[in-house]
Structures are given as structure tokens and as C-alpha cells.
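Each reported figure results from applying straightforward, stated rules to the coordinates on display, with no laboratory input. Computed from a predicted structure; not experimentally measured. Here the Cβ is made from the backbone with ideal geometry for all residues, glycine too, and neighbour counts use every protein chain on show.
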Amino acid sequence: MNMRFGADLSAEDVLSRLLGAGPERTSLAPKDSRGIYGLVDHHGALRYVGSTASTTQTFYERIHQRHRTGSEDSSHYFSRMYNTGRMWRMRNDPATRADGDIAKALRNAFIAEYCRAVWVPLPDGADIAGLERAVIELAPAGAVAWNRRASEVYAEPQDLVDRIITRLGLGASELAALGRQKQRYEAASAGIARPTTTPSTHDRAMPPFPDGPFRFFALDVETANHDRGSICQIGVACVRPDNRIVPWVTYVDPQVDRWAFTYLHKIGPETVRGAPTFREVLPVLADALRGPVVYQHSGFDRSAIEAACQTCGRPAPEWEWKDSVQVARRAWPELRGNGGHGLASLKARLNLSFQHHDAGEDARAAAQVVLLAEAGRRIVVASGHGDSASDVLENFEETPNLSAGTSTVATNRSPTAKLIGRTTLTAGNIRNNHIYLRDFFDAFPKEVVGGSNAAATAPQTITVEWGGDSVVVTDLDGEKKFFRKRGWVREFFARTGAIPGDAVLVEMIGPYAYRVTVQRG
């Protein structure tokens, strides 16, 4: 067989290149091309062949931002195959969400450090999907074991995981959370009934709503069926004055017999067993969301709340509703007719990372859209058809060899972005969660430099983009020569897998606006 796809490469050619290529870190996957790729496990063996069949997805997005950091129960194969031991997480389980998020951050760092990928770029005009199928048919069984579900989830590589934990400098609380996750994983593997799989009423009890103050909220719901009042999950993203996002999410028992959308959001009767009803949730939300604006992404969520209120005979809360779709349309009018302003389109255009059709995740994404619009982030849509992700993103002279880590919000780079400094991380930086700025401290404006304590803050703040759920608003400590706010730095190191010897690059991306990224040592 010698199937040809395009003028140059056959399936045999592509397979030969995949098998012969030197595996690279996932963070080095090209951001400007697409084609056929392979995933390589921590033993160095090719285990999966895939493609970037979508014209809007690059190797980097598919490999580094999907397979590595995506959900564990979908086609994101690194996440699926290393969902084990201390790296285990049960998606959509609010009872273990805090512990699970720590485990997932550990897994993301592990994959970035020890797993690899190979790729063969192809022109957009090639029959990439057809070529992928042919390559999989030709490949040795072991090279496509993950494709064919012929490989079990890996046992935790304990020594390697220990090294990552040491490099991340995790503290006692994080280690305890990872220990709990390991116990839950072992119980699940043994088939032992436990709260995370068959939740009791206590485990599904409504979580307390976080304390304010909040600047605005974003709300999203999931429904069991076509009746808008059949709400089975509610998520609220609570945005503090400093733009930090505090999530709140609860399952809701819609008390219905017909479930039509379980295939979409993975929520069913077993999931909501013991969860509060909407009648029980409503008083909490009605009071908590009174005052600040409540954003929804389209008009569905408001109509669902009103329908659920009508079903239980209660008046709809008098919240100040606004639509983040309208915010996006004003901020990025160029997307009209070029993908639109739905969350799926904005996810690609703004490089957001979230799990669609999870109420908590979608609410957070809507809040991020509002924050990015407020910050004036631009999207440039190239003319013509079949634009790749590199065409969609704004032109920018990239700093070479950057390892972007896990980017939850990686905004588009401005044409005026300027590298102002580079600092090498020490073990003390990792352990104490700070970044030295002293070698280029004079590059910052004098008005953003304050004194050594919170009572002596500078008259002007800066924003710092770091790949998290929201930008950081801070000033600089003029004595220690740090960012004054440092609560985000631990997560920044964890998300990027930073270790001593790596470098942090600081770029100015606008007036009083900066971005930090990690470069491997």
C-alpha cells in the first residue's frame, strides 16, 4: 500500500518520520503549524498518533494545552494515562475539587518534564484526517496502544513524582492533599465504595458561598433536559476588586425522570443524588448575588433561572443581569462572521483553557472574557479561509525557546511587547514563592515602586499576566525588589513546572502591564 496525501508525503513517509524523530518537550510543539503528531510516554515509547484536523488548532494547542492539561475522561491522552496515584483527580467532583486541583497541577508539571511528543507538519490543504487514519492502520501495535485503548493507566512513577514535588517546593498542606488523592485513587482501583464515587447527602451538600466583596459575578447553569428549569448544576465565578476569580459550584437535583444532556455534561441521576434542590439553592444565590452585576454568556442562563423559579413557585431574583456575549462583541467586532462570540470560539481566539459544559468552568470563562475585554486585549483575524491559529493571533516577535507551562489565560501578545529582564530561579525562589527583579528593577516606572510594607504602597499599580485565572494587580516592593503580591507565584511555578536554573522572563506588554513566562535552563 502506498497511499499518497498531497504531493509529497505518503502514510508510510509520515509514520517513518514519527518513529524516527527525536522526541521533544510538549512545550516546544510548534505554535505555527499543524499535521500529524505522536505522544511519547515517560519511558520514551511512542504510544499514540493523532492529528490537528481543525484548521484553527496548532501542534502546541493540541499537544501542550489539550493532551497535557485537559480532562481525564476524554481524548486528552496524557491527562488520561497519568491520572494515577498522587496525580489522580475525579473531574466534576466538588467534594474533592481542592485536593484534585493540586493533583492535576502536579500531573501537568510531571508530563511537561518527563513526557515528550513528535510531529510532522503538513500543509493546510493536505487530507490530514485521512492521513491520520492511514498512519494508525500502518503503525505497530505498541505505537498506537492508547488509540486502541490497549494500555491501562500507568502506575504512579513514584521516584519521578517525588522529584517533581521537590522541584515545586510543595508544602505540608499540598502534600496532605496529594496523599488523600492517592488513597482515593487506590480505593477507586480496588472498587471500594467511597464518597467520591457514590456521594452521600453530606458530600453533595451545597458548599458555602465565598465572602466578598466582589466586583461582579458570572453565572452558568447546566440542565438535565430541554426544559430550561431542569437545572442540574450551577457555577458562579466571583470576581474580587483585584480581579482574582473565586469559584463556587454546586450540583442541583432537578427532580426529573428524563435526562437528555448527560452525554454532553456527564451529569446524571447518580451525580446529583443527595444534592440540594433548586428551591434550597435559590435563597443562598438570591442574597449572595444581589448588588453587583451578574454576567451570563447569552440569555440562556437567566431564562433557566427564571424557569426554575417558576417551577418551584418562587419569584425570580432581581439581579442586575448583563450579557458577556455583548461585551465580547463590543471588544472584538472582527469576530463577527469569523467564528463568532460564543465560548467555544473565544476559547480558541483568546487562548482560554476551560472544560466546556461544566457550569463552574464556563462561568469562570465568561468572567475571564469580561476581564480581558476590560484590559483591552486585541484579536486580529486574518483574511481568507482556513486560517491557522498563528494567523488568528496578533503578529508578535516571539522571545525564542519559551516554555509557556500551563496557560489558563494566555492572552495575545502586543506588537509593542518588550523584554525588560531575565532572572534565573534559585531553590530559594521556588521554596519561598518570589521572583527576583533586582537585576532590572530600574526598568520599571518609579511610580509603581512602593515601600517595604503594605502601608507604603506605590501610587500606581501594574498588572501582571502569568497564565492564571486572572491577571495580578500589584505594585513593587522597593526594598525587597519583588512583586508585592506573591500569592500567585506558587501556582505560577507549579503550572510551568519551574525548577532552579530555569529563567523567568518579564515583558512589558503595555502601559503598566507586564507578562511573566518561564524559559528552561
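Some notes on this structure:
- Environment charge of HIS357, counting only residues whose C-beta is closer than 9 Å and scoring Lys/Arg +1, Asp/Glu -1: -3
- Order of SER33, SER452 under a 10 Å beta carbon neighbour criterion, fewest first: SER452, SER33
- Segment 4-158 shape via C-alpha gyration tensor axes, a/c threshold 1.5: prolate
- 3J(HN,Hα) along segment 499-514, derived from phi through the Karplus expression 6.51 cos²θ - 1.76 cosθ + 1.60 where θ = phi - 60°, amounts to 9, x, x, 6, 10, 9, 9, 10, 10, 8, 10, x, x, 6, 10, 9 Hz, with x in place of Gly and Pro.
- Distant-in-sequence amide H partners of THR457 (H built 1.01 Å from N, under 5 Å): GLY451
- Annotation: amide H of GLY35 within the under-5 Å range of THR52, LEU122, sequence separation 5 or more or interchain, hydrogens built in the peptide plane.
- Counting beta carbons within 10 Å around each of MET81, MET206 and listing the fewest first gives the order MET206, MET81.
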